[in-house]
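Working notes, beginning with the structure itself.
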Amino acid sequence: ENNSMQLTIENHFLAESEKLQMLSNKHTHELKEQSDVFEVENQSLQDELRKEIENQRVLHDTLFSTQEAEREMLLDRVRSLGEEFEEQCKSLALLKTIENELEE
């Protein structure tokens, strides 16, 4: 009877052990599936982030080159206005000289 009781207990523990192993396997499988899903989502987010970074870089480069072109245009205009001013000063000086000669 003792052997029978021990055998029953061993069978019970063996059955419980098998149930636990099956649960463990099931949870391991579920975790692996979740991990795979997270990996795919993570890769997708990284790809989106890379695209957005590239878009921002292109936008920055475009804005920078546009600002640089506008800056060059403004510098050219300032140079041109400076040259016009110099010419007008020379003309004014010449007129003053002529005026002074006429007064004499």
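The alpha-carbon atoms of the chain, seen along their principal axes, cover 150, 18, 8 angstrom, with the largest extent given first. Treat the stretch 18-66 as a sphere of radius equal to its Kirkwood radius over Cα pairs and apply Stokes-Einstein at 10 °C in a medium of 1.306 mPa s; give the translational diffusion coefficient in µm²/s, rounded to a whole number. In µm²/s, the coefficient rounds to 115.
Surface composition of the chain: carbon and sulfur make up 59 percent of the accessible area, probe 1.4 Å. Take the chain with all the other protein chains still there, run a 1.4 Å probe, and you get 96 Å² of accessible area per residue.
The values are calculated or read from the model by the stated rules, or taken from the named source; none is laboratory data. For clarity, every value in this text was computed on a predicted model and none was experimentally measured. Note: accessible area is taken over every heavy atom of the protein model, side chains too, but ligands, DNA and RNA are not part of it. Shrake-Rupley method; radii C 1.70, N 1.55, O 1.52, S 1.80 Å.
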